[in-house]
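Below is one structure, written out as structure tokens; comments come after it.
Every read-out reported here was derived from the displayed coordinates using simple, explicitly stated rules and does not represent laboratory data. All figures in this text were calculated on a predicted structure; none of them were measured in a lab. Quick reminder, even Gly has a Cβ in these numbers, built from the backbone with ideal geometry, and neighbours come from all protein chains shown.
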Amino acid sequence: PNKLKLYSYHKWIGMTVLLLFVPRLLWRLTHTPPKALPMPAWQHRIAEGTHHLLYLLMFLVPLSGWLMSSAKGFQVVYFGVLPIPDLIGKSEELGDLLKEVHEALNWGLFGLVGLHVAGALKHHIIDRDSTLRRMLPFGK
Ligand code: HEM
Ligand code: HEM
């Protein structure tokens with residue numbers, strides 16, 4: 001029973017990430033962030049590419065979880081009160097495949113977040129520029 005409870009919490013948090021992704025993307029598309037600080041062109045390209053992939057995975061990771069739950073026949077009931085429609089019909093085979101997909105995408109996300117945080121720390125500790133500080137409300 002504890003396992004089922006933890007799965008539910010996992011799904012609620014994941015669906016919340018998916019929900020928040022929508023206003024975040026709309027905000028980002030209608031607002032221009034500050035220009036990147038001076039750095040070699042290849043570093044800028046990697047940083048931008050990482051940001052794009054992070055956005056992509058912030059969408060695909062929870063979506064693959066939702067699809068997996070649908071295929072496995074375990075409907076998400078948001079916070080135990082709001083039943084979320086299944087995206088696809090029940091299929092054990094597809095459910096197993098989507099579990100692999102969810103896991104693989106998560107490894108990708110894990111690696112990218114690691115690279116992203118390493119980049120932020122490199123700017124802060126080695127380059128000693130304000131890339132990280134200017135993201136923080138109290139760092140300005
Ligand atoms: C940002 C969102 C999410 C993240 C970072 C995330 C991350 C993970 C990770 C790391 C695992 C373990 C994978 C493994 O090693 O097997 C997992 C499993 C799982 N996730 Fe997610 N997840 C997210 C969203 C969701 C959503 C929205 C759902 C469903 C609505 C979901 C359903 C599941 C289920 C059912 C499992 C267990 C699979 C199994 O072992 O049978 N996840 N998730
Ligand atoms: C300790 C953790 C983290 C730190 C220190 C950090 C740091 C930063 C910094 C300094 C920037 C600004 C880069 C710039 O000015 O060009 C940034 C942007 C960004 N971060 Fe993080 N970050 C963290 C975690 C995450 C996570 C977990 C995600 C996503 C799963 C993420 C996604 C992004 C994205 C997408 C941008 C680009 C924003 C945009 O241009 O719209 N970050 N991060």
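Between helix 92-121 and the chain there is an angle of about 20 degrees, using the helix long axis and the longest principal axis of the Cα atoms. More than 15 angstrom separation, counting every C-alpha pair in segment 99-140; what % is that? Of the Cα pairs, 54 percent sit more than 15 Å apart.
Comparing Leu20, Thr50, His10 along the charge dipole axis of segment 1-56, the residue lying farthest to the positive side is His10, per the Cβ-charge model.
A quarter of the convex hull surface defined by the alpha-carbon atoms of segment 2-135 gives 10.3 nm² as the mean projection. Of all lysines in the structure, the ones whose alpha carbon falls short of 20 Å from that of Lys5, not counting any fewer than 8 places away in one chain, are Lys72, Lys99. Using only side-chain charges placed at the Cβ, +1 for Lys and Arg and -1 for Asp and Glu, the dipole size of the chain relative to its Cα centre rounds to 640 debye.
Helix 2-30 axis versus longest C-alpha principal axis of the chain: approximately 50°, rounded to the nearest ten.
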